[in-house]
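What follows draws every value from the coordinates through simple rules; no lab data is involved. The shown structure was predicted, so the numbers you read here are calculated from the model rather than taken from an experiment. Every residue, glycine among them, receives a Cβ derived from its backbone with ideal geometry; neighbour counts consider all protein chains shown.
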Amino acid sequence: MRTDAAAIVHERTFGLPGQIAAARFCGPSLASPPSSRSWRLFCALVAHAGPENGMDKAHVISFDDLRAVHGVHFESGPDLLRLMVQLRRASLTYSGGEAFGLVAWASVLTHDGSRFLRWRWSDAVRAAYASPDGWAVMRREALAKLPGRYGTRLYALAALHRSQKQQQSVIMLDDLRAILGVPDETLPTSGALIAALHRTLRQVNKAARLSLSARTIERDRFATSVVVNLVGHRPRRKSIG
């Protein structure tokens, strides 16, 4: 089975390497993570660049393709660049390694009356695509149905673990916050975080036709972690007649 980027690029799917799918937001990014719009933009740019994500080059996409093909919403060039700034300032870590960012730089170009976004991935993103620690292969249609960052991050993590044939994933609550990008002040209690997890699981299940579920592990009557069950796709219902 091929494991390079070209093997997971398809008109209906795209992939994130494990170093990004299972990364944790850290430092200032944990207190102020990229917005849902900026994370959706990141996924759109990854899908657009495809097998070239690991290359040492700049990438270009038209405003029209961002909106029409990938469903990214932005009002203007400056608004789009503000989203890219969020990605450039993002700080993540994987498996206890050094913190890394996503975007090295970005600019807006105009050519023959059309506008384009030009950007370059960070060294860490290019390295992750060049030497992935597993793949999170996701359906573009499902991703488009997920409303926020929590859903897209959880979908990526589930896709990664399923590709590794994992039936379950035990996640400490602090790690869950860091993976999804949930600031303490947004959901200050473990109960609020777990309730948000269950809402997000329902969203992912509906969008991606999965049957994910979770249960809480408690210690001394306090929730400490969750067990996310990763099971197969729900079968499509066949019509008769």
Quiz prompt | Highest to lowest packing among 109-115, 208-214, scored as the average C-beta count within 10 Å | solution = 208-214, 109-115
Practice problem: Any chance you could check the Cα centroid distance between segment 159-181 and segment 20-45 for me, in angstrom? | Solution: 16
Self-check item: Value at 222 nm in deg cm²/dmol, rounded to 500, when DSSP H runs of n ≥ 4 in the chain each add -39,500 (n - 2.57)
Solution: -12000 deg cm²/dmol
Quiz item: Setting aside same-chain residues fewer than 8 positions from LYS206, which aspartates and glutamates have a Cα under 18 Å from its Cα?
Solution: GLU141
Exercise. May I ask for the net charge around ALA99, where only other residues with Cβ less than 14 Å from the Cβ of ALA99 are counted and Lys, Arg are +1 while Asp, Glu are -1?
Key: +1
Quiz item: So if we plug the beta-carbon distance of ASN229 and LYS145 into 1/(1 + (r/R0)^6) with R0 = 35 Å, what FRET efficiency do we get, rounded to 0.05?
Solution: 0.95
Quiz item: Each residue of segment 178-191 in order: what ³J(HN,Hα) in whole Hz does its phi give by Karplus 6.51 cos²θ - 1.76 cosθ + 1.60, θ = phi - 60°, with x for Gly and Pro?
Solution: 5, 5, 7, x, 10, x, 4, 6, 6, 10, x, 10, 5, x
Self-check item: segment 76-87 - phi-based ³J(HN,Hα) in whole Hz, Karplus 6.51/-1.76/1.60, Gly and Pro as x
Solution: 7, x, x, 5, 5, 5, 5, 5, 5, 4, 4, 6
Practice problem: Go ahead and collect, in residue order, the members of segment 70-88 whose backbone nitrogen is under 13 Å from a label point 7 Å along the Cα-Cβ direction of ALA104. | Solution: none
Quiz item: Going by how many other beta carbons lie within 10 Å of each one, how would you line up LEU16, LEU117, fewest first?
Solution: LEU117, LEU16
Quiz item: Once you list every other residue whose beta carbon is under 14 Å from the beta carbon of HIS73, what net charge do they have if Lys and Arg are +1 and Asp and Glu are -1?
Solution: 0
Quiz item: Once the other residues with Cβ under 11 Å from the Cβ of ILE179 are scored (Lys, Arg +1; Asp, Glu -1), what is the net sum?
Solution: +2
Quiz item: If you bin every alpha carbon distance in segment 144-229 into 5 Å steps from zero, what whole percent lands in each bin?
Solution: 3, 14, 27, 27, 18, 8, 2, 0, 0
Self-check item: Whole-number D in µm² s⁻¹ for the chain, Kirkwood Cα-pair radius fed into Stokes-Einstein, 4 °C, 1.567 mPa s
Solution: 70
Quiz item: Does segment 5-130 classify as rounded, prolate or oblate by the C-alpha gyration tensor (a ≥ b ≥ c root eigenvalues; a/c under 1.5 gives rounded; else a/b over b/c gives prolate, otherwise oblate)?
Solution: oblate
